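Student: One structure follows; several queries about it will come next.
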Amino acid sequence: MTLFTIKKAFHEMKNMGLKKFLKTFKFQVSYHNKKKNNKYLKKIYKEYYPYVSKTYGGKNREYPSLTKEEKNMFFFWWDGIDSLPNKAKRNLERMKELYGDTFNIVFIDKHNFKEISGMKQIFIDAFMKNHISIQTFSDILRFSLIYQKGGIWVDSTIFFTSKIDLESQLEKQSILSLGNQGMKGWFELNGEYCSWSDFFIGGRRNSLICEAMLDLYEKYLSKHKDILIYFLIDNFLMLLKLADVEDGALKRLSIYESSPFYIADHFKDELSKNNLDMIYSVPQKIDRRENYDNDNPNSIYNLVVLNGLSYEDAQKHCSM
């Protein structure tokens, strides 16, 4: 465990209390246990699917043509832009470089989140009273922002290796995400599986899926008071997928062949013709808590992330 994660854990424990922190930590540890993931999913399904099916099942919503006001990219850091760690700061700079001319880059922090997102007071109170963690708060925040404004939530850990056409995806789809085969099996029920990345998710203003997600979070909080399930966001999205909300939009997400974790898993590897497409075809998740420093000037991390090498320049580099 790094010094960063120790400090973060201590801060969470201080805010939440030891008993609640330990229970939340148990859920986080089990996050990578597929058997436990699906066990909790079945419990959520039993409790909430009848309501989801009755209220939202098979329902659709028509959206007008995409406007400039909906072309938003939301970047969140609670303590403000001056407190951004270097990796997150680099990710924000890259987003502005590639999308600043076509999207409104909206920085969200503790000072402006309420005004911009229109978040319900029940969620704000739950966060301020430590009934939900900052992670769950940000899960709710992303759906509040998309529902209120339209656009794409881009986690502070996301680095854009190249500019992909997000504008047309947002125009054609009521919901978008970084779907990849690596997510298959983490959550699986009744023949359907998790096919999204909640760290990169977008949709249209007044999105029915976002409305349903906020509704489910509110119902859960009203009944349970605390939200300690780390992956509740995925559980709720699975219910909406099973219920064919928005004409089955969650079943029609674009699935990328490459993984958003490729650079994180191969950061020391040398950039080569064999890995170019894996790196540049999908945005990459760079964990701010990990140390990617290395002495190889030709490593993927140094060339692509630190130096911002474009796909075209990467091709030239690999041909030398």
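What follows draws every value from the coordinates through simple rules; no lab data is involved. What you see is a predicted model; the values in this text were computed from it and never measured. Neighbour counts are summed over all protein chains in view; Cβ atoms, including those assigned to glycine, are modelled from backbone coordinates with ideal geometry.
Student: Could you order the peptides 87-100, 273-286, 201-214 from most to least packed, using the average number of other C-beta atoms within 10 Å per residue?
Tutor: Most protected by this proxy first, the peptides run 201-214, 273-286, 87-100.
Student: Suppose R0 equals 30 Å; then what is the FRET efficiency for ILE124 and LYS43 from their Cβ-Cβ distance, rounded to the nearest 0.05?
Tutor: 0.65
Student: For Cα pairs less than 8 Å apart in space and 6+ apart in sequence, what is the mean separation divided by the residue count of the chain, i.e. the relative contact order in percent?
Tutor: 22
Student: Now, a different point. Identify, among LEU189, PHE160, SER222, the residue whose Cα sits farthest towards the positive end of the charge dipole of the chain, taking +1 on the Cβ of Lys and Arg and -1 on the Cβ of Asp and Glu, with the dipole about the Cα centre.
Tutor: SER222
Student: Can you give the helix-only mean residue ellipticity at 222 nm for the chain, where every DSSP H stretch with n ≥ 4 adds -39500 (n - 2.57) and the sum goes over all residues, rounded to the nearest 500 deg cm²/dmol?
Tutor: -14000 deg cm²/dmol
Student: Right, another one. With the cut-off at 26 Å, tell me which of the pairs LYS87/LYS129; LYS39/LYS223; LYS68/LYS163 have Cα atoms farther apart than that.
Tutor: The answer is LYS87/LYS129.
Student: Still on this structure, please answer the following. Can you tell which of LEU145, TYR45, ASN180 lies farthest toward the positive end of the dipole of the chain, using +1 and -1 charges on the Cβ of basic and acidic side chains (Lys, Arg; Asp, Glu)?
Tutor: The Cα lying farthest towards the positive end belongs to TYR45.
Student: Another one. Enumerate the calculated ³J(HN,Hα) couplings along segment 48-59 in order (Karplus 6.51 cos²θ - 1.76 cosθ + 1.60, θ = phi - 60°), each rounded to whole Hz, writing x wherever the residue is Gly or Pro.
Tutor: Once rounded to whole Hz, the list reads 10, 4, x, 5, 4, 4, 6, 8, 10, x, x, 7.
Student: Of the listed peptides 293-302, 150-159, what is their order by residue-averaged count of other C-beta atoms within 10 Å, with the highest listed first?
Tutor: Most protected by this proxy first, the peptides run 150-159, 293-302.
Student: How big is the dipole moment of the chain about its Cα centre under a simple scheme where the beta carbon of each Lys and Arg is +1, that of each Asp and Glu is -1, and everything else is neutral? Debye, nearest 20, please.
Tutor: 1500
Student: Along the Cα→Cβ direction, 7 angstrom out, place labels at ASN307 and TYR51. What is the inter-label distance in nm?
Tutor: Reported label-point gap for ASN307 and TYR51 is 5.4 nm.
Student: Would you mind checking LYS54/LYS251; LYS89/LYS225; LYS36/LYS225; LYS36/LYS120; LYS114/LYS225; LYS43/LYS285 for any pair whose Cα atoms are more than 25 angstrom apart?
Tutor: Over 25 Å Cα-Cα: LYS89/LYS225; LYS36/LYS120; LYS43/LYS285.
Student: Now for a separate question. Take peptides 264-271, 242-249, 228-235 and line them up by average Cβ neighbours within 10 Å, highest first, as a rough protection proxy.
Tutor: With the highest mean Cβ count within 10 Å placed first, the list reads 228-235, 242-249, 264-271.
Student: So if I take the centroid of the Cα atoms in segment 215-277 and the same for segment 105-172, what is the distance between those two points in Å?
Tutor: 15
Student: Distance in nm between label sites at TYR193 and HIS317, each 7 Å beyond Cα in the beta-carbon direction?
Tutor: Going from the TYR193 label point to the HIS317 one covers 3.3 nm.
Student: In whole Å, what is the distance between the alpha-carbon centres of segment 39-92 and segment 279-320?
Tutor: Taking the Cα centre of segment 279-320 as reference, the centre of segment 39-92 is 28 Å away.
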